[in-house]
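Enquirer: Sharing a structure here in C-alpha coordinates format.
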(Lines give C-alpha, C1' and ligand atoms only; values in the text may rest on other atoms or scores of the structure.)
Protein backbone atom coordinates (compact mmCIF):
# COMPACT_ATOMS: atom_id res chain seq x y z
CA UNK A 1 0.00 0.00 0.00
CA UNK A 2 1.27 3.49 -0.90
CA UNK A 3 0.50 6.54 1.18
CA UNK A 4 1.16 10.22 0.49
CA UNK A 5 2.62 12.35 3.25
CA UNK A 6 1.30 15.80 3.99
CA UNK A 7 3.10 18.87 2.60
CA UNK A 8 6.23 19.57 4.63
CA UNK A 9 5.84 21.65 7.76
CA UNK A 10 2.54 23.23 6.71
CA UNK A 11 3.87 24.48 3.36
CA UNK A 12 0.44 25.70 2.24
CA UNK A 13 0.21 27.93 5.31
CA UNK A 14 3.56 29.52 4.45
CA UNK A 15 2.72 30.52 0.89
CA UNK A 16 1.55 34.04 -0.01
CA UNK A 17 -2.02 34.69 -1.25
CA UNK A 18 -2.36 34.55 -5.04
CA UNK A 19 -5.05 35.20 -7.64
CA UNK A 20 -4.22 31.91 -9.31
CA UNK A 21 -4.59 28.53 -7.63
CA UNK A 22 -2.66 26.22 -5.32
CA UNK A 23 -3.17 22.45 -5.38
CA UNK A 24 -1.44 20.44 -2.63
CA UNK A 25 -0.14 16.95 -3.45
CA UNK A 26 -1.12 17.36 -7.10
CA UNK A 27 -0.73 14.36 -9.41
CA UNK A 28 2.00 15.36 -11.87
CA UNK A 29 1.88 12.06 -13.75
CA UNK A 30 -1.37 13.12 -15.40
CA UNK A 31 0.37 16.23 -16.72
CA UNK A 32 3.29 14.44 -18.39
CA UNK A 33 3.47 12.60 -21.68
CA UNK A 34 5.02 9.58 -19.97
CA UNK A 35 2.04 9.47 -17.55
CA UNK A 36 4.28 8.51 -14.63
CA UNK A 37 5.75 10.13 -11.55
CA UNK A 38 4.97 11.29 -8.05
CA UNK A 39 3.05 14.37 -6.89
CA UNK A 40 3.94 18.01 -6.61
CA UNK A 41 3.99 19.03 -2.97
CA UNK A 42 2.13 22.13 -4.12
CA UNK A 43 1.17 22.93 -7.73
CA UNK A 44 0.78 26.66 -8.47
CA UNK A 45 -1.06 27.94 -11.55
CA UNK A 46 -0.51 31.72 -11.67
CA UNK A 47 -3.31 33.90 -13.01
CA UNK A 48 -0.90 35.99 -15.09
CA UNK A 49 2.62 37.43 -15.10
CA UNK A 50 1.80 39.95 -12.37
CA UNK A 51 0.47 37.17 -10.13
CA UNK A 52 3.60 35.10 -10.70
CA UNK A 53 5.82 38.11 -10.01
CA UNK A 54 4.02 38.86 -6.75
CA UNK A 55 4.38 35.24 -5.68
CA UNK A 56 8.13 35.25 -6.40
CA UNK A 57 8.58 38.47 -4.42
CA UNK A 58 6.71 37.14 -1.36
CA UNK A 59 7.45 33.41 -1.30
CA UNK A 60 9.53 31.83 1.47
CA UNK A 61 13.06 31.78 0.07
CA UNK A 62 13.80 28.31 1.46
CA UNK A 63 11.02 26.69 -0.60
CA UNK A 64 12.31 25.08 -3.82
CA UNK A 65 10.64 26.04 -7.10
CA UNK A 66 10.22 23.92 -10.23
CA UNK A 67 8.66 25.10 -13.51
CA UNK A 68 6.87 22.75 -15.92
CA UNK A 69 5.12 23.22 -19.24
CA UNK A 70 3.20 20.61 -21.22
CA UNK A 71 5.16 17.78 -19.60
CA UNK A 72 6.58 16.55 -22.90
CA UNK A 73 10.38 16.42 -22.55
CA UNK A 74 10.20 15.68 -18.84
CA UNK A 75 10.35 12.74 -16.46
CA UNK A 76 8.92 13.23 -12.97
CA UNK A 77 10.57 10.80 -10.56
CA UNK A 78 8.37 8.54 -8.43
CA UNK A 79 9.18 10.32 -5.16
CA UNK A 80 7.51 13.53 -6.32
CA UNK A 81 8.66 17.13 -6.43
CA UNK A 82 9.18 18.97 -3.12
CA UNK A 83 8.27 22.63 -2.76
CA UNK A 84 6.18 24.53 -5.30
CA UNK A 85 5.82 23.40 -8.89
CA UNK A 86 4.75 26.23 -11.21
CA UNK A 87 2.71 25.47 -14.31
CA UNK A 88 1.99 28.28 -16.75
CA UNK A 89 -1.59 27.99 -18.01
CA UNK A 90 -3.89 29.71 -20.49
CA UNK A 91 -2.88 33.21 -19.45
CA UNK A 92 0.57 32.44 -20.84
CA UNK A 93 -0.75 30.96 -24.09
CA UNK A 94 -1.08 34.23 -26.00
CA UNK A 95 -0.13 34.87 -29.65
CA UNK A 96 -0.08 38.12 -31.64
CA UNK A 97 1.69 39.37 -34.74
CA UNK A 98 2.83 42.78 -35.94
CA UNK A 99 4.41 42.77 -39.37
CA UNK A 100 6.86 39.87 -39.27
CA UNK A 101 7.13 39.97 -35.46
CA UNK A 102 5.53 37.07 -33.57
CA UNK A 103 4.84 37.68 -29.88
CA UNK A 104 3.79 34.75 -27.76
CA UNK A 105 3.44 33.66 -24.17
CA UNK A 106 5.77 31.04 -22.76
CA UNK A 107 2.86 28.67 -22.16
CA UNK A 108 1.73 28.33 -25.78
CA UNK A 109 2.51 25.05 -27.51
CA UNK A 110 5.29 25.20 -30.08
CA UNK A 111 3.05 23.58 -32.70
CA UNK A 112 0.35 26.19 -32.05
CA UNK A 113 2.84 28.95 -32.83
CA UNK A 114 3.61 27.30 -36.16
CA UNK A 115 -0.05 27.07 -37.17
CA UNK A 116 -0.89 30.57 -35.91
CA UNK A 117 2.04 31.96 -37.90
CA UNK A 118 0.73 30.09 -40.95
CA UNK A 119 -2.66 31.76 -40.48
CA UNK A 120 -0.83 35.10 -40.46
CA UNK A 121 1.07 34.12 -43.64
CA UNK A 122 4.39 34.12 -41.80
CA UNK A 123 6.98 31.52 -42.83
CA UNK A 124 10.10 30.29 -41.08
CA UNK A 125 8.43 28.88 -37.98
CA UNK A 126 7.16 25.64 -39.49
CA UNK A 127 9.87 23.63 -37.71
CA UNK A 128 8.10 24.30 -34.40
CA UNK A 129 5.48 21.77 -35.51
CA UNK A 130 8.07 19.07 -34.86
CA UNK A 131 8.90 20.16 -31.30
CA UNK A 132 6.73 18.91 -28.43
CA UNK A 133 6.23 21.30 -25.54
CA UNK A 134 5.87 25.02 -25.02
CA UNK A 135 7.78 28.10 -26.11
CA UNK A 136 9.08 28.49 -22.57
CA UNK A 137 10.70 25.07 -22.69
CA UNK A 138 11.95 25.70 -26.22
CA UNK A 139 13.66 28.89 -25.05
CA UNK A 140 15.25 27.14 -22.08
CA UNK A 141 16.87 24.40 -24.20
CA UNK A 142 17.21 26.14 -27.57
CA UNK A 143 14.94 23.46 -29.00
CA UNK A 144 15.22 22.57 -32.65
CA UNK A 145 14.03 20.25 -35.40
CA UNK A 146 14.25 19.88 -39.15
CA UNK A 147 17.37 21.98 -39.50
CA UNK A 148 16.34 25.00 -37.41
CA UNK A 149 16.57 26.04 -33.77
CA UNK A 150 14.90 28.68 -31.63
CA UNK A 151 18.01 30.84 -31.90
CA UNK A 152 17.41 31.11 -35.69
CA UNK A 153 14.07 32.89 -35.18
CA UNK A 154 14.76 34.56 -31.82
CA UNK A 155 14.39 38.31 -31.24
CA UNK A 156 13.93 38.63 -27.48
CA UNK A 157 12.54 36.89 -24.41
CA UNK A 158 10.89 38.10 -21.23
CA UNK A 159 11.61 36.36 -17.97
CA UNK A 160 11.07 36.85 -14.24
CA UNK A 161 14.14 36.45 -12.09
CA UNK A 162 14.08 34.69 -8.71
CA UNK A 163 12.87 37.88 -6.99
CA UNK A 164 10.03 38.48 -9.47
CA UNK A 165 11.74 41.28 -11.40
CA UNK A 166 11.00 41.43 -15.14
CA UNK A 167 14.04 40.84 -17.35
CA UNK A 168 14.12 41.35 -21.13
CA UNK A 169 16.79 39.25 -22.82
CA UNK A 170 18.42 39.57 -26.23
CA UNK A 171 20.31 36.87 -28.12
CA UNK A 172 23.63 37.59 -26.41
CA UNK A 173 21.94 37.36 -23.00
CA UNK A 174 20.60 33.91 -23.90
CA UNK A 175 23.97 32.37 -24.72
CA UNK A 176 22.51 29.90 -27.20
CA UNK A 177 24.30 26.64 -27.96
CA UNK A 178 23.14 23.18 -29.01
CA UNK A 179 20.12 22.31 -26.82
CA UNK A 180 21.27 24.77 -24.18
CA UNK A 181 21.14 28.37 -23.03
CA UNK A 182 23.14 30.21 -20.37
CA UNK A 183 20.14 31.85 -18.69
CA UNK A 184 19.97 31.37 -14.91
CA UNK A 185 17.95 28.23 -14.15
CA UNK A 186 16.02 30.15 -11.50
CA UNK A 187 14.60 32.58 -14.05
CA UNK A 188 11.15 31.81 -15.47
CA UNK A 189 10.39 32.62 -19.10
CA UNK A 190 6.98 34.23 -19.55
CA UNK A 191 7.09 35.35 -23.18
CA UNK A 192 9.09 35.77 -26.36
CA UNK A 193 9.29 37.69 -29.60
CA UNK A 194 10.21 35.59 -32.63
CA UNK A 195 10.65 36.61 -36.24
CA UNK A 196 8.89 35.21 -39.26
CA UNK A 197 9.05 36.22 -42.88
CA UNK A 198 6.30 36.94 -45.39
CA UNK A 199 5.15 33.74 -47.05
CA UNK A 200 2.37 31.96 -48.88
CA UNK A 201 -0.17 30.47 -46.49
CA UNK A 202 -0.73 27.38 -48.65
CA UNK A 203 2.98 26.63 -48.96
CA UNK A 204 3.49 27.15 -45.23
CA UNK A 205 0.59 24.81 -44.52
CA UNK A 206 2.00 22.20 -46.88
CA UNK A 207 5.35 22.27 -45.08
CA UNK A 208 3.63 21.88 -41.71
CA UNK A 209 1.75 18.84 -43.03
CA UNK A 210 5.00 17.37 -44.34
CA UNK A 211 6.62 17.69 -40.93
CA UNK A 212 3.61 16.12 -39.20
CA UNK A 213 3.63 13.21 -41.62
CA UNK A 214 7.38 12.68 -41.26
CA UNK A 215 7.08 12.69 -37.46
CA UNK A 216 4.25 10.16 -37.49
CA UNK A 217 6.16 7.88 -39.84
CA UNK A 218 9.49 8.02 -38.01
CA UNK A 219 8.60 8.57 -34.35
CA UNK A 220 6.32 6.78 -31.84
CA UNK A 221 3.95 9.75 -31.63
CA UNK A 222 1.01 7.60 -30.51
CA UNK A 223 2.90 6.13 -27.53
CA UNK A 224 3.48 7.40 -24.01
CA UNK A 225 6.88 8.90 -24.60
CA UNK A 226 8.88 12.00 -23.74
CA UNK A 227 10.34 12.98 -27.09
CA UNK A 228 14.03 12.65 -27.89
CA UNK A 229 15.76 11.13 -24.88
CA UNK A 230 19.37 12.09 -25.56
CA UNK A 231 21.03 15.02 -27.31
CA UNK A 232 22.92 14.23 -30.48
CA UNK A 233 26.68 14.19 -29.83
CA UNK A 234 28.70 16.45 -32.18
CA UNK A 235 28.66 14.99 -35.69
CA UNK A 236 26.67 11.90 -34.64
CA UNK A 237 23.08 10.76 -34.24
CA UNK A 238 21.97 9.45 -30.85
CA UNK A 239 19.49 7.01 -32.40
CA UNK A 240 22.19 5.39 -34.54
CA UNK A 241 24.55 5.01 -31.57
CA UNK A 242 21.75 3.43 -29.54
CA UNK A 243 20.76 1.09 -32.36
CA UNK A 244 24.36 0.04 -33.03
CA UNK A 245 24.77 -0.76 -29.33
CA UNK A 246 21.93 -3.29 -29.61
CA UNK A 247 19.38 -1.37 -27.58
CA UNK A 248 16.42 -1.39 -29.98
CA UNK A 249 13.42 -2.81 -28.09
CA UNK A 250 15.38 -3.13 -24.81
CA UNK A 251 13.08 -3.23 -21.77
CA UNK A 252 13.18 -2.70 -18.01
CA UNK A 253 9.84 -3.32 -16.34
CA UNK A 254 7.23 -1.49 -18.40
CA UNK A 255 9.76 0.82 -20.03
CA UNK A 256 11.03 0.11 -23.54
CA UNK A 257 13.42 1.61 -26.08
CA UNK A 258 11.23 2.31 -29.10
CA UNK A 259 11.64 -0.11 -31.99
CA UNK A 260 10.49 2.63 -34.34
CA UNK A 261 12.98 5.30 -33.22
CA UNK A 262 15.65 4.25 -30.75
CA UNK A 263 16.14 7.71 -29.23
CA UNK A 264 12.66 7.47 -27.72
CA UNK A 265 11.74 5.68 -24.49
CA UNK A 266 8.20 4.38 -24.15
CA UNK A 267 5.91 3.63 -21.24
CA UNK A 268 4.24 0.47 -22.52
CA UNK A 269 1.55 0.87 -19.88
CA UNK A 270 3.02 -0.31 -16.58
CA UNK A 271 6.31 1.61 -16.39
CA UNK A 272 7.36 3.64 -13.40
CA UNK A 273 9.58 6.69 -13.64
CA UNK A 274 12.31 4.54 -12.07
CA UNK A 275 11.94 1.98 -14.89
CA UNK A 276 12.30 4.71 -17.50
CA UNK A 277 15.29 6.39 -15.88
CA UNK A 278 17.03 3.07 -15.24
CA UNK A 279 16.46 2.08 -18.86
CA UNK A 280 17.92 5.37 -20.05
CA UNK A 281 20.99 4.86 -17.87
CA UNK A 282 21.39 1.30 -19.17
CA UNK A 283 21.28 2.64 -22.73
CA UNK A 284 23.96 5.19 -21.84
CA UNK A 285 26.20 2.44 -20.43
CA UNK A 286 25.74 0.20 -23.45
CA UNK A 287 26.51 3.04 -25.86
CA UNK A 288 29.59 3.98 -23.85
CA UNK A 289 30.80 0.37 -23.82
CA UNK A 290 30.18 -0.07 -27.55
CA UNK A 291 31.32 3.24 -29.01
CA UNK A 292 32.91 5.24 -26.20
CA UNK A 293 30.32 8.02 -26.56
CA UNK A 294 28.82 9.52 -23.41
CA UNK A 295 25.20 10.34 -24.24
CA UNK A 296 23.72 13.38 -22.51
CA UNK A 297 20.11 13.35 -21.35
CA UNK A 298 17.91 15.74 -23.29
CA UNK A 299 14.80 14.83 -21.30
CA UNK A 300 14.60 16.87 -18.12
CA UNK A 301 14.39 14.72 -14.98
CA UNK A 302 12.91 16.31 -11.86
CA UNK A 303 11.97 15.30 -8.35
CA UNK A 304 13.06 12.65 -5.89
CA UNK A 305 13.61 8.92 -6.18
CA UNK A 306 10.92 6.84 -4.46
CA UNK A 307 13.54 5.56 -1.99
CA UNK A 308 14.68 9.04 -0.98
CA UNK A 309 13.89 9.65 2.71
CA UNK A 310 12.25 12.95 1.70
CA UNK A 311 10.06 11.39 -0.97
CA UNK A 312 6.45 12.55 -1.03
CA UNK A 313 5.25 8.96 -1.37
CA UNK A 314 6.37 5.86 0.43
CA UNK A 315 5.32 2.53 1.84
CA UNK A 316 2.93 2.67 4.72
CA UNK A 317 4.04 1.28 8.04
CA UNK A 318 2.12 -1.95 8.85
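Enquirer: Among 43, 52, which is the only one that is outside the structural domain of residue 206 (by TED's automatic domain parsing), surrounded by 23 or more Cβ atoms within 10 Å (Cβ to Cβ) and touching a residue at least 24 places away in the same chain (Cβ under 8 Å)? Before the answer, list the steps.
Expert: Details: 43 fails: surrounded by 23 or more Cβ atoms within 10 Å (Cβ to Cβ).
Every option except 52 fails the conditions.
Enquirer: What are the residues in segment 93-144 that are under 20 Å from the mean Cα position of the chain (by Cα) and on the phi > 0 side of the Ramachandran plot, if any?
Expert: Residues satisfying the conditions are 133, 142.
Rundown of residues vs (1) assigned by TED's automatic domain parsing to the domain that holds residue 61; (2) in contact with a helix residue (DSSP H, G or I) (Cβ under 9 Å, 6 or more places away or on another chain); (3) free of Cβ contacts under 8 Å to residues at least 60 places away in the same chain, yes/no style:
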| site | (1), (2), (3) |
| --- | --- |
| 150 | no, yes, yes |
| 157 | no, yes, yes |
| 164 | no, yes, no |
| 168 | no, no, yes |
| 186 | no, no, no |
| 191 | no, yes, no |
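Enquirer: Still on this model: Can you give me the number of residues within segment 266-296 that are touching a helix residue (DSSP H, G or I) at 6+ places or on another chain (Cβ under 9 Å), surrounded by 22 or more Cβ atoms within 10 Å (Cβ to Cβ) and without any contact (Cβ under 8 Å) to a residue 60 or more places away in the chain?
Expert: 3
Enquirer: Of everything in segment 88-113, what is under 28 Å from residue 265 (Cα atoms), touching a residue at least 40 places away in the same chain (Cβ under 8 Å) and crowded, with 24+ Cβ neighbours inside 10 Å? Give them in sequence order.
Expert: 88, 106, 113
Enquirer: A further question on this structure: Can you work out which of the residues in segment 221-230 that are modelled with pLDDT of 95 or more and in contact with a helix residue (DSSP H, G or I) (Cβ under 8 Å, 6 or more places away or on another chain) is surrounded by the most Cβ atoms within 10 Å (Cβ to Cβ)?
Expert: 229
Enquirer: Within segment 61-76, restricting attention to residues that are over 11 Å from residue 163 (Cα atoms) and assigned to a loop (DSSP other than H, G, I, E, B), which residue is farthest from the chain's Cα centre (by Cα)?
Expert: Here the residue is 62.
Enquirer: Here's a follow-up. Has segment 134-142 got at least one residue that is more than 26 Å from residue 214 (Cα to Cα), surrounded by fewer than 24 Cβ atoms within 10 Å (Cβ to Cβ) and touching a residue at least 60 places away in the same chain (Cβ under 8 Å)?
Expert: No, the conditions are met nowhere in segment 134-142.
Enquirer: Across segment 145-179, which residue is farthest from the chain's Cα centre (by Cα) among those that are surrounded by 15 or more Cβ atoms within 10 Å (Cβ to Cβ) and modelled with pLDDT under 95?
Expert: 146
The values are calculated or read from the model by the stated rules, or taken from the named source; none is laboratory data. The structure displayed is predicted, hence computed values, not measured ones. Positions of Cβ are generated from backbone atoms using ideal geometry, with glycine treated the same way; all protein chains shown enter the neighbour counts.
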